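The values are calculated or read from the model by the stated rules, or taken from the named source; none is laboratory data. Everything quoted here is computed from the prediction, not taken from an experiment. Note: ideal-geometry Cβ built from the backbone for every residue, glycine included; neighbour counts use all protein chains shown. Quick note on the areas: whole protein, heavy atoms, side chains included, nothing else; ligands and nucleic acids left out. Shrake-Rupley method; radii C 1.70, N 1.55, O 1.52, S 1.80 Å.
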Amino acid sequence: MTDKNGFFIGYADGLPAPDRRFLLGAGLAAIAGPAFAGAKLAAHQMPVGSGHWNQAKILTLHGRVVQNPYPVLRTDGLDGTLRSVALVCSSKCGVDAQLAVFADKPVYVRGSVIKRGRHLLLAVVENAPWIGASDENLADEPVYVQDMGRITLNGEILDAKCWSGAMRPGRGKTHKSCASLCIRLGGAPWFVAPAAQGKRTIMVLAGPKGEAIRQEVLPFVGEPVRAKGRLVRLDDQVQFRIDPARIQMI
Amino acid sequence: MSLAFAHAFIAALTFYLILGAVFGLTHVVFLAPRLDAGAKGSGFWFRVMIFPGAAVLWPLWLFGLILRRARQSPPKPWRRLHLRLWVVLAPLIVLSLMLSLMVRPVIPKNDTLPAALLERADD
Amino acid sequence: MSHVYKAIDWNRFKRRYDLVLALGLLAFLGAFMALSIAAQPPGQSFTPMQLAIRAFGAAAFLLLNIILAIGPLARLSKRFIPLLYNRRHLGVVCFVLALIHGVLNLLWYQGFSALNPLVALFVSNPRYTSIAGFPFESLGFAALVILAFLAVSSHDYWQKVLGSSFWKVLHMGIYFAYALLVLHILLGVVQEEKPGLYFAAVAGAFLLVSGLHFASALIGRVRDKKVQSSLDGWINLGDPAAIPDTRARIVHTEEGQRIAVFRYDGKISAVSNVCAHQNGPLGEGRVTDGCVTCPWHGWQYRPEDGRSPPPYNEMIPTYRVQIDNGILYVHPQSLAPGTPTPPAVIEGS
């Protein structure tokens, strides 16, 4: 039912010739245009970093657990040198509660490694027993502590696990609520401070006496902030001890 | 938003949708053919297709039924309403465009960091 | 037009329309995902979930802009009218894309915790009083709720049950959803990505869509020259032969009504310019097979009584016409929908 004068009726079987040509062009544009737009938008995205979480490979690491102030396994089981491996949940929770019994005792921990740069984390296996007393003969070296002085830094508070590879990207505005949720439920807040020439420093964020701070920093997660505090080296981790009440938004 | 408020909000939403499922089922099975002659003898897939509407829009059609509102109001041209909405919304969107440029987060670089602590940013 | 409703009244044009839609979507999603991976060093690309979240969100917003552009484009040029015909499929697909984006977000960013993900969505970022730190996810949620209302009520059945006017007003909610989504994107991904392209894309899309709307409103205003009726109430339309055969002249009365005055088979009839279906401009349609045919979705009405031919039962208001001394007159007082009115016969035709 097409009108002879070339009038478009959607349910009619034939299309008027001028409409057919125009719609063919519009159809091709409706395929090529989005392809071009999609490619352009995708290529413009920020790098998401080299963080990686090898969930398929479950390791058993032996070492000693300390609260620094967030759970850390001190182990030489990964590369032969003594490393601080942050212990985190596989989902969004904290592992602190299960650790009290094992403080400073030799333990084994089962989980998968999350790695970004020189930062190491172990996401523990949640659906099975993941920690127990180790019968290996492990040296009990004291934690190396070095006070590096007071400093004021600009940076962003983020969740250790997300940033290190559980999420890519694991920083910025779109990730803000995820990072807040992780820290609220027991994740470890880290602080990334950008420096000149494409460099930066990653620090563990803690209270003035090196205690854990979580709820206090929630409003500041994923935003540009300035904080005044003290840098303290603990083994191969650097801690930024701040007063959370005095964090400033930039 | 407080945790209690969020819980209450989600609970209310769930309640609304559960009620909607009940009303919706009633609507597609019993009410549809009475409300519109075109729905008499319509197929199963038509009922499936209008079910989400019946479940989500239940306050709208229910109050329409209760108040016996005249369903066939004469058609009107709506161009003026379109224009009014745009005249209100367009400046608001322009404002949010400008705002978004102003609030863009920028972290100033730190030049006091001990060199020993620096690592490459692309890792 | 519907006699007995079907889930979807398929025809060849709709199938082709949807095929182009599917190909366009695949092209966008494919290009976005491929380039997102290719633009990053090996092994350093997005997690598949976060990639999908971005791709589906961007696709939904792009489609929403296209949907909003079609209306004014069809007013500006008749060539775009066929794109209107199946626009509701675009709308439903846009909602589905936005829903996928939203659900993946909930699972990935708000899931895996002891909290209900929907609760977490509203509480995990507490900064409701800030602009820069605002939980932009809640804006997206509000827009998704609006899109859901529109998508579930898109079948013609709901237009009939809810009433045509109410349905139309409900569907203007699309503009609020659009404004919310612009803000959602501006306070979300635009804040995080490199400055430039993302902002320009949102701003450009908005300028295009709003420019088209204002241009079509302006042109409508120019076309909308109102005619005055004479003392006895009749409007003088001059020579009836000046109206092209099978076409209409649209008359805008002082009372703000639009009347479509059709010439066909040597006769003149006048009906409302507003289609009972989606309020399409009947006067821009034609008389085919003895019926006034709407240019938007092809709904038909007999010019003599404003009724759809059986088995359909839609009705539109009619107007009285007369030819006196070779001059055509129409009376601006509308008659009840479906009132039979004798056509005026053009002498010598």
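What is the distance, in nm, between label points placed 7 Å from the Cα along the Cα-to-Cβ direction at C:Val345 and at A:Met249?
About 7.9 nm separates the two model spin labels.
Kindly compute the accessible surface that chains A and C hide from a 1.4 Å probe when together, both sides summed, and give it to the nearest 100 Å².
Working: alone 14130 and 19120 Å², together 27790 Å².
Chain pair A/C: roughly 5500 Å² of buried accessible area.
Nearest 10 degrees is fine. How inclined is helix A:17-43 to the longest principal axis of chain A, computing both from alpha carbons?
Approximately 10 degrees, to the nearest ten.
Within chain C, what is the longest stretch that has no trypsin sites (Lys or Arg not before Pro) placed in a DSSP loop and near at most 15 other beta-carbon atoms within 10 Å? List each step's numbers first, then the result.
Values: sites that count: C:Lys6, C:Lys225.
Here the longest run is C:7-224.
Does anyone have the angle between helix C:173-187 and the longest principal axis of chain C? Alpha-carbon axes, 0 to 90°, nearest 10?
Helix C:173-187 sits at roughly 30 degrees to that axis.
Beyond a 24 Å Cα-Cα separation, which of these cross-linked pairs lie in this structure: A:Lys57/A:Lys115; A:Lys40/A:Lys161; A:Lys92/A:Lys228; A:Lys92/A:Lys176?
On the way: A:Lys57/A:Lys115 13 Å; A:Lys40/A:Lys161 30 Å; A:Lys92/A:Lys228 29 Å; A:Lys92/A:Lys176 14 Å.
Beyond 24 Å between Cα atoms: A:Lys40/A:Lys161; A:Lys92/A:Lys228.
Please state the Cα pair-distance histogram of the stretch C:235-345 with 10 angstrom bins from zero: what percent is in each bin?
17, 54, 26, 2
Points 7 angstrom from Cα along the Cβ direction at B:Lys109 and C:Asp265: gap in nanometres?
Using points 7 Å along Cα→Cβ, the separation is 8.2 nm.
Taking chain C, how many lysine pairs are there with alpha carbons less than 23 Å apart, if each pair must be eight or more places apart or span two chains?
Summing the qualifying lysine pairs gives 10.
List, largest first, the extents of the alpha carbons of chain B along their principal axes, each in whole Å.
That works out to 79, 38, 31 Å along the principal axes.
7 Å from Cα along Cα→Cβ at both C:Asp9 and C:Ala39: what's the point-to-point distance in nm?
The answer from the label model is 4.4 nm.
Can you tell me the FRET efficiency between B:Val22 and A:Gln215 if r is taken as the Cβ-Cβ distance and R0 is 51 Å, rounded to the nearest 0.05?
Numbers: r = 41 Å, r/R0 = 0.80.
That pair, B:Val22 with A:Gln215, gives E of 0.80.
With only Lys, Arg, Asp and Glu charged, each at its Cβ (+1 for the first two, -1 for the last two), find how big the charge dipole of the protein assembly as shown is about the Cα centre; round to the nearest 20 debye.
Dipole of the protein assembly as shown, to the nearest 20 debye: 880 debye.
Are there residues in the stretch C:267-292 whose accessible area shrinks by at least 30 Å² when all protein chains are included rather than the chain by itself, and which are they (probe 1.4 Å, ligands and nucleic acids not counted)?
Buried by the other chains: C:Val274, C:Asn279, C:Arg286, C:Thr288, C:Asp289.
What per residue convex hull volume, in Å³, comes out for the stretch A:145-249 when only alpha-carbon positions are used?
Details: hull volume 10.8 nm³, N = 105.
Cα convex hull per residue, to the nearest whole number: 103 Å³.
Give the span of the protein assembly as shown's Cα atoms along each principal axis, as three whole-Å numbers ordered largest to smallest.
Result, largest extent first: 114, 53, 42 Å.
Using a 10 angstrom Cβ neighbour count of at most 11 plus a DSSP loop assignment to flag exposed GluC sites (Glu not before Pro), which longest range of chain A is free of such sites?
Longest stretch, sites excluded: A:1-135.
Relative to the longest principal axis of chain C, what angle (0 to 90°, nearest 10) does the C-alpha long axis of helix C:87-109 take?
It works out to around 20 degrees.
Calculated FRET efficiency, B:Asp123 and A:Thr81, Cβ-Cβ r, R0 22 Å, to nearest 0.05?
E between B:Asp123 and A:Thr81, to the nearest 0.05, is 0.75.
Pick from B:Val56, B:Val106, B:Val29 the residue whose mean-square fluctuation is largest in a GNM of chain B, springs joining Cα atoms under 10 Å.
Fluctuation is largest for B:Val106.
Output the DSSP H helices from chain B with an along-axis C-alpha extent of no less than 15 Å and a mean Kyte-Doolittle hydropathy no less than -1.0.
Membrane-span-like by this criterion, though nothing is claimed about a membrane: B:3-26, B:44-56, B:79-102.
If you take the alpha carbon radius of gyration of chain A and divide it by 2.2 N^0.38 Å, what ratio comes out, to two decimals?
Taking N as the residue count of chain A, the ratio is 1.46.
For peptide B:30-38, how many partner chain Cβ atoms fall within 10 Å of a residue's Cβ, on average?
4
Determine one quarter of the surface area of the Cα convex hull of chain C, which equals its mean projected area, and express it in nm² to one decimal.
Numbers: hull surface 88.2 nm².
In nm², the orientation-averaged hull projection of chain C is 22.0.
Send over a whole-number figure in Å² for the accessible area per residue of the protein assembly as shown, probe 1.4 Å.
Value returned for the protein assembly as shown: 44 Å² of accessible area per residue.
Based on the Cα gyration tensor of the stretch C:15-145, what are the three equivalent ellipsoid semi-axes, each the root of five times an eigenvalue, rounded to whole Å and given largest first?
The three semi-axes for the stretch C:15-145 are 31, 20, 13 Å.
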